[in-house]
Amino acid sequence: MHVPLALNPEYLAPEVTPAEVAAEQANVTFWHEKLHAGTGPGADFTGWLEPDQILTPAELDRLIATADRLRRECECLVVVGIGGSYLGARAAIEALAEPDAPPVLYAGQNLSASYHQRLLQSLAGRPYALNVISKSGTTTEPAVAFRILRQHLESSAGKEIARQRIVATTDQQKGALRSLATQEGYETFVVPDDVGGRFSVLSAVGLLPIAFAGIDVRALVAGAAACARACREPQVERNPAYYYAVARNRLYRKGYAVELLSSFEPRLQLLAEWWKQLFGESEGKQQMGLFPASAAFTTDLHSLGQYLQQGRRLLIETFLQVAEGEPAVVVPAEAENADGLNFLAGQGLTTINREAYRATALAHREGGVPNQTLTLERLDAFALGALFYFFEKACALSGYLLGVNPFDQPGVEAYKGHMFALLGKPGFEEQTTALRARLADAGPAPEVRFP
Ligand code: PA5
């Protein structure tokens, strides 16, 4: 089946040429085979490779039925999760949900009291459902938010109704969330052992909230599966995901430090957040990796644009374009032409936005930012599924080419240890004393205050 996306690498040259990418073929084939044979680093976390096999057909039917039931019973859904347990769903919902779709709200992706206070206020008097998502079942942010929201729902709707409106997505057997769900009798979905958080959007983690928002999850999975089949091709010139992975790797090795994912479509802004986590957590280790950043154009051309054009040359850029656009929004003609815009009269915003992209890509190339463009033929569930998979597959290969295990995230634990110690979690007593002493000591740089 046709995969509706393509990569244009023209503006990567002269820093990276097609011949240079092709010269990496032996290395690519080596890691491609290891990835598919399950013999590369982190091979236990490659269950995402076959997106249409993550859920059985029966589980997908149950998931869609649950989403439909929650839509009938509730006005909105609160997704409680963080990182890979929420970003994929949010990316898809922001990209594809119709304006009249039932709202999906988010909790547990920060620890802000005011954020959660406002959320609770907005839920007052509304019938709502909760989908708490945590693979480990023990992550502090969603666990805290879930406790608060569960009690709120139980006291507003009653314990029995709350039980019917709470769905837990977690490990099959272990973790505090699994125990709680079993004890309370919540409906549950499983995060497979072999799928890590940031690769889980096409599992129940992403699909249940996405289905609640009225998006065709079967089409999303079908798009991913079509891309998966196409991505079995190891030849870089016939596999844009691998071409992209090799090109960014070559640029990293030439000293570039940041990859900017830029889009002219605001509906893709959360997709960029998902992409940042995917590449940031997969590659940012052993003091290596491109720092993933994003820009929303044309908005950010009026804030970051100056730096991108003339600031320190450490950036590469990947444009994420959508070829097909809304045709109906057109600049009207005006007899007086007081604003001088009649040269655009009759032009669609889609055309104007496309020219803005073409102008920006060229200007950035001329300013010394090597850039490439990934174009989606259209923005629908099938194409978005293909795009999710494109980046997952590219990320796996890119991590292997870089020389890291793309499927672990040991660095994420560092702040957690400190936070648990400061909050006095049982088992962290020794660190608590040491850390409190360290924080009490201003050291060589005391706080600077206005007199
Ligand atoms: O990609 C990852 O593994 C992480 O971002 C996790 O998804 C995130 O830390 C949340 O973890 P959990 O689902 O265990 O609550």
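The values are calculated or read from the model by the stated rules, or taken from the named source; none is laboratory data. Quick caveat, the model's predicted, so the values are computed rather than measured. No Cβ is skipped: glycine too gets one built from the backbone with ideal geometry, and neighbour counts run over all protein chains shown. For the accessible areas, the whole protein counts, side chains as well, though only heavy atoms, and no ligand, DNA or RNA atoms are used. Shrake-Rupley method; radii C 1.70, N 1.55, O 1.52, S 1.80 Å.
Can you tell me the orientation of helix 413-423 relative to the chain, as the angle in degrees between its alpha-carbon axis and the longest Cα principal axis, to the nearest 10? Rounded to the nearest ten degrees, it is 40.
Summarising the amide proton neighbourhood of Val191: residues at separation of 5 or more, or on other chains, whose placed amide H is nearer than 5 Å comprise Thr170, Asp171, Gln172. Amide H contacts under 5 Å for Ser262: Ala295, Thr318, Phe319, Leu320, restricted to partners 5 or more places along the chain or on a different chain, H placed in the peptide plane at 1.01 Å from N. Rounded to whole numbers, the Karplus 3J(HN,Hα) couplings from phi for the range 78-88 are 9, 8, 10, x, 9, x, x, 8, 8, 5, x Hz, using 6.51 cos²θ - 1.76 cosθ + 1.60 with θ = phi - 60°, and x at Gly and Pro. Using C-alpha pairs below 8 Å separated by at least 6 residues, the relative contact order for the chain is 23 percent. Full extension of the segment from Thr39 to Thr375, taken as 0.36 nm per residue of separation minus the current Cα-Cα distance, would add 117.7 nm. For the chain, carbon and sulfur atoms together expose 55% of the accessible surface, with a 1.4 angstrom probe and every protein chain in place.
Surface analysis of the range 47-215 yields an accessible area of 40 Å² per residue, using protein heavy atoms and a 1.4 Å probe. Each of the trypsin sites (Lys or Arg not before Pro) that DSSP puts in a loop and that has at most 16 other Cβ atoms within 10 Å breaks the chain; the longest unbroken stretch is 1-173. Normalised by the number of residues in the range 187-336, the mean separation of alpha-carbon contacts (under 8 Å, six or more apart) gives a relative contact order of 23 percent.
Stretching the chain fully between Leu362 and Phe291 yields a gain of 23.3 nm (0.36 nm per residue, less the alpha carbon separation).
Summarising the amide proton neighbourhood of Leu130: residues at separation of 5 or more, or on other chains, whose placed amide H is nearer than 5 Å comprise Val78, Ile166, Val167. Axis angle, to the nearest 10 degrees, between helix 381-402 and the longest C-alpha principal axis of the chain: 90 degrees. Counting only alpha carbon atoms, the long axis of helix 269-283 and the longest principal axis of the chain meet at about 80°. Computed from phi, the 3J(HN,Hα) profile of the range 182-189 under the Karplus parametrisation 6.51, -1.76, 1.60 (θ = phi - 60°) reads 5, 4, 8, x, 6, 5, 10, 10 Hz, with x in place of Gly and Pro.
Take the Cβ-Cβ distance between Glu20 and Asp194 as r, set R0 to 22 Å, and report the resulting FRET efficiency rounded to the nearest 0.05. Efficiency, rounded to the nearest 0.05: 0.05. Working note: 222 nm ellipticity from helices only, DSSP H runs with n ≥ 4, each -39,500 (n - 2.57), summed and divided by the residues of the chain, gives -14500 deg cm²/dmol to the nearest 500.
Computed from the Cβ-Cβ distance with R0 of 30 Å, the FRET efficiency linking Leu120 to Ala328 stands at 0.20.
All Cα-Cα distances of the range 94-206, cut into 10 Å bins from zero to the largest, leave 13, 43, 37, 7 percent in each bin in turn.
Which whole-number percent gives the relative contact order of the range 303-356, counting Cα pairs below 8 Å spaced six or more residues apart? Dividing the mean separation by the residue count of the range 303-356 yields 31 percent.
Separation of the alpha carbons by more than 30 angstrom is noted, of Lys174/Lys416; Lys34/Lys425; Lys159/Lys416, for Lys34/Lys425; Lys159/Lys416.
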